[in-house]
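The values are calculated or read from the model by the stated rules, or taken from the named source; none is laboratory data. Everything quoted here is computed from the prediction, not taken from an experiment. Here the Cβ positions follow ideal geometry from the backbone for every residue, glycine too, while neighbour counts run over all protein chains shown. Please note that ligands, DNA and RNA were not included when accessible areas were found on the heavy atoms of the full protein model with its side chains. Shrake-Rupley method; radii C 1.70, N 1.55, O 1.52, S 1.80 Å.
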Amino acid sequence: MPGGLPAQSLKAEAAPSEVKGVREVLEESGPEIDWDSLTFSFTETDRMYIAYCKQGEEWQPGSMQDFQNLSISPAAGVINYGQGLFEGMKAQHAADGSIVLFRPQDNARRSREGARRLGMPPVPEKMFLDAIKKTVSENSRWVPPMGKGALYVRPLIFGSGAILGVAPAPEYTFLVYVSPVGPYFKGGITPTSLRVSDEFHRAAPGGSGGVKAIGNYAPGMVPSQMAKKEGYSEIIYLDAVNHRYIEEVGAANFFCVKDRVISTPELTGTILPGVTRSSVMELAKSKGYEVIEEKVDVDYALEADECFCVGTAAVISSIGRIEHGTKVVEYCGGDVGPVALELYETLTSIQQRRSPDEFGWTMSVE
Ligand code: PLP
Ligand code: COI
């Protein structure tokens, strides 16, 4: 039957089950979103991924389903004892027309390390990457146009089984949802104003600061809200032992530059090993900067030429001002710092494939 369709296909095409529903038609069109007004907030999308695993067994194959609420036991480990972690990465439209992820293998690895720390079964890399790709692919209409934001990908791994004693839950859920997002900080690229906290700490040695445990985040909400009420963008946490060395900026890693030398707090177990942090270190080294991982004394940072913070959500954000006690320092006259700007341009052009990805950091989503 050259040039024609086999009879079977014709029959299938006419079958009522194949007639497009309203939802499908809507899903094929672009969502009604003002891409220029995106903020870092939740927007419900079409589809999500879900998989389950019993304690001591292998993860069962996951599946895609429409975005929906979960049904969970009131005794679930995650809502009683915080047994859970999350990840965060971004999918973006790239210059070559594809949709790309940035170093998702690193998020997969970090999730496995976190799962082990929290007594949960680690999700194998292949399963993690398949889930991410499928979820992005089935929500592709929610990926903002290039340069207008990104599709934030949020994997969760948590104890969903019921347990009353303080112990690992009998069952786990691995879930991935997505949301289109804009800038993390309210002012976009306007340099942030930060306050060093003398009252609160994010993590202590031996705790869970080095993994993306969900329980690390609630205690930071009130300090962050208090600072925002007083006009700051976020707070800077110092280490809990000496109360002297910079750890992190809310949910982002810290960098400072003095005499062209770039310093960032060394990883001691209380700081999250950011994927952006390690990318920025590699990029800066490749540009000839000296990059040092060390204890960054808050007084040293206050005398730096420039400071910035980095993360998936924050990308690279210049810090315009830091207040610590009675000291207030303004950097670069309140403008975006030159090193932050240079690294921002380099990082985002790799992430959007506007320049060659010499490090092999991007991954296409079919
Ligand atoms: N620090 C904390 C506490 C975070 O939650 C994040 C965000 O993931 C980061 C740093 C930055 O890490 P990444 O660059 O992997 O997003
Ligand atoms: C990220 O940068 O991916 C984060 O996890 C920040 C977040 C807590 C909003």
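Observations on the model:
- Candidates SER318, SER349 - the one that is out of contact with any strand residue (DSSP E or B) (no Cβ under 6 Å at 6 or more places or on another chain) and away from ligand 2 (no atom under 16 Å from the Cβ): SER349
- For segment 239-261, a residue qualifies if it is within 15 Å of LYS295 (Cβ to Cβ) and either within 16 Å of ligand 2 (Cβ to nearest atom) or open to solvent by less than 10 Å² (accessible area, probe 1.4 Å) (or both), and the qualifying residues are ILE246, GLU247, GLU248, ASN253, PHE254, PHE255, CYS256.
- For MET221, the test of being within 15 Å of ligand 1 (Cβ to nearest atom), over 30 Å from GLY62 (Cβ atoms) and open to solvent by 40 Å² or more (accessible area, probe 1.4 Å) is passed.
- Taking (1) surrounded by fewer than 19 Cβ atoms within 10 Å (Cβ to Cβ); (2) within 30 Å of CYS53 (Cα to Cα); (3) modelled with pLDDT under 95; (4) not aromatic (Phe, Trp, Tyr) in turn, ILE214 satisfies each apart from (3).
Residue by residue, here is whether (1) within 16 Å of ligand 2 (Cβ to nearest atom); (2) touching a residue at least 40 places away in the same chain (Cβ under 8 Å); (3) closer than 26 Å to ALA204 by Cα; (4) open to solvent by 50 Å² or more (accessible area, probe 1.4 Å) holds:
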position	(1), (2), (3), (4)
GLY274	yes, no, yes, no
ARG277	yes, no, yes, no
VAL291	no, no, yes, no
GLU294	no, no, yes, yes
ALA314	yes, yes, yes, no
GLY334	no, yes, no, no
GLU342	no, yes, no, yes
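- Filtered residues of segment 159-191 (kept if part of a loop (DSSP other than H, G, I, E, B) and among the hydroxyl-bearing types (Ser, Thr, Tyr)): SER160, TYR184, THR190
- Selection of segment 212-224 for residues being away from ligand 2 (no atom under 12 Å from the Cβ) and within 16 Å of GLU247 (Cα to Cα) yields PRO219, PRO223.
- All positions within segment 118-136 that are part of a helix (DSSP H, G or I) and open to solvent by 20 Å² or more (accessible area, probe 1.4 Å): GLU125, LYS126, MET127, LEU129, ASP130, LYS133, LYS134
- Between ARG154, ARG116, the distinction of being within 16 Å of ligand 1 (Cβ to nearest atom) and closer than 27 Å to GLY56 by Cα belongs to ARG154 only.
- Test for TYR152: is it under 19 Å from the mean Cα position of the chain (by Cα) and in contact (Cβ under 8 Å) with a residue 60 or more places away in the chain: yes
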